[in-house]
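Q: What follows is a single structure, and I will ask about it in a moment.
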Ligand code: ADP
């Protein structure tokens, strides 16, 4: 129990019933309740919003609105949850509706004719405890979300501030490598080229980290997007950047529209196609097929490759930030691409997952809301 003197709102039009409930509640040896009472739903709602009680005893059959409407009115607009402990009081014939009330957010219900002091107090104790626990969890979730945002902001600021000094180190070490190589012996040259390589890798990580954190900072702008048009542009860019001129990339003629943010959609497919071009065995030319199917209100897009494949036990892990399955010497990368894909997809209200390819390679699926 959260409070020593829990507040209870009795929303009940029958004065005799109210009297009985009050009498039962006075028998509670653990707690002393503070009572508030109203006879109609309209007034009851105002009372509950003003008092913010620990528990509401709600008659299902009120003269103006019924118990279910009362719960709907009481629900928090942001998450649809009823923020109070509600015990619904019903007649014998209302039992089916009472179960509906539980689904709509009431913690419990009691049939008036079967009520005893024992089952009333037990229902109230349980309802208050469960609601307090849910409030604690919600509070905890909000705190975690806030901490997460702070960490993201910190990562963004850090990445941003590291960029300038890193570019200076990269630039000067490249000057040493190019203009002073005659002054260095072989070991010196080797060291300087290692410095340049490490700096370029760090520069890539910082760029990717900035893209990752930026996703959270910019507003998501949803609108109907012509997938085919977006994908043709993305494919062109990926080919250019990854020197993938030889690769075969086929795109289904029929690509449905999706409802999304064009920038996020581009980021999702840029990373997936870039990976499909990268993770092929040495000497093999990448073959990528992009297709889509519409199901109900969603569109599922598949990016299939003939690459090295992914062990099934890594299917979850690869979507976490900085998780790589290969060393930089084999396949260069930062381990941020799929984390961007996952975050962008979730911001669009979609999902991403991976399955094995039909023969070899992998199939990445992205499910996005359709326009239908
Ligand atoms: P990066 O490619 O920069 O390493 P990602 O987050 O894009 O980072 O990918 C994480 C890891 O998942 C990669 O290091 C690679 O091991 C694996 N991976 C991603 N895409 C594919 C793919 N199409 N085929 C095989 N492995 C892949």
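No lab work stands behind these numbers, since they all come straight from the coordinates. Quantities reported herein were computed from a predicted structural model and do not represent experimental measurements. Methodologically, a virtual Cβ is constructed for each residue, glycine included, from the backbone with ideal geometry; neighbour enumeration extends over all protein chains shown.
Q: Calculate the spin-label point distance for residue 160 paired with residue 233, positioning each point 7 Å from the Cα along the beta-carbon direction, and give it in nanometres.
A: Output for this residue pair reads 2.6 nm.
Q: Write down Rg/Rh for region 301-372, rounded to two decimals, with Rg from the C-alpha atoms and Rh from the Kirkwood relation over Cα pairs.
A: On the way: Rg = 13.0 Å, Rh = 13.1 Å.
Rg/Rh for region 301-372 comes to 0.99.
Q: Related question: If R0 is 51 Å, what FRET efficiency do you get for residue 145 and residue 114 from their C-beta distance, rounded to 0.05? Before the final figure, lay out each step's value.
A: Working: r = 43 Å, r/R0 = 0.84.
It comes out at approximately 0.75.
Q: Length gain on complete extension for the stretch residue 77 to residue 285, per 0.36 nm per residue less the alpha carbon to alpha carbon distance? Write out the running numbers ahead of the final one.
A: Working: separation 208, 0.36 × 208 = 74.88 nm, distance 5.32 nm.
Contour length minus Cα-Cα distance gives 69.6 nm.
Q: In units of 2.2 N^0.38 Å, what is the alpha-carbon radius of gyration of region 133-272? If you can, show how the numbers build up before the last one.
A: Numbers: Rg = 21.9 Å, N = 140, 2.2 N^0.38 = 14.4 Å.
Working it through for region 133-272, the quotient is 1.52.
Q: Another question about this same structure. Could you check the spin-label model distance between residue 219 and residue 351? Points 7 Å from the Cα along Cα→Cβ, value in nm.
A: 3.0 nm
Q: Quote the relative contact order of the chain in percent (integer), defining contacts as alpha-carbon pairs under 8 Å separated by 6+ residues. Numbers along the way, then the final one.
A: On the way: 576 pairs, mean separation 39.7, N = 372.
Result for the chain is 11 percent.
Q: Write down Rg/Rh for region 1-113, rounded to two decimals, with Rg from the C-alpha atoms and Rh from the Kirkwood relation over Cα pairs.
A: On the way: Rg = 13.2 Å, Rh = 14.1 Å.
Using Cα coordinates only, the ratio equals 0.94.
Q: Which value in deg cm²/dmol, rounded to the nearest 500, describes the helix-derived mean residue ellipticity at 222 nm for the chain, given -39,500 (n - 2.57) per DSSP H run of n ≥ 4 and division by the residue count?
A: The per-residue figure over the chain is -16500 deg cm²/dmol.
Q: If you count the DSSP beta bridges with both ends in the chain, what percent of them are antiparallel, to the nearest 5? The partial results should precede the final answer.
A: On the way: 26 of 47 bridges.
Percent antiparallel among DSSP bridges in the chain is about 55.
Q: What order, most packed first, do the peptides 44-54, 343-353 have when packing is the mean number of other Cβ atoms within 10 Å of each residue? Mind dumping the intermediate values first?
A: Details: 44-54: 17.1, 343-353: 18.7.
Top of the packing list down: 343-353, 44-54.
Q: What list of whole percents do you get for P(r) of the chain, with Cα-Cα distances grouped in 20 Å bins up to the one holding the largest distance?
A: Using 20 Å bins, I get a P(r) of 22, 33, 28, 14, 2, 0 for the chain.
Q: Then there's this: On full extension of the chain, what length is gained from residue 194 through residue 137, given 0.36 nm per residue of separation minus the C-alpha to C-alpha distance? Walk me through the numbers on the way to the answer.
A: Working: separation 57, 0.36 × 57 = 20.52 nm, distance 4.94 nm.
Gain on stretching residue 194 to residue 137: 15.6 nm.
Q: Can I ask one more? Run the quick spin-label model on residue 152 and residue 201: label points 7 Å from Cα toward the beta carbon, then report their separation in nm to one decimal.
A: The modelled label-to-label distance comes out at 2.9 nm.
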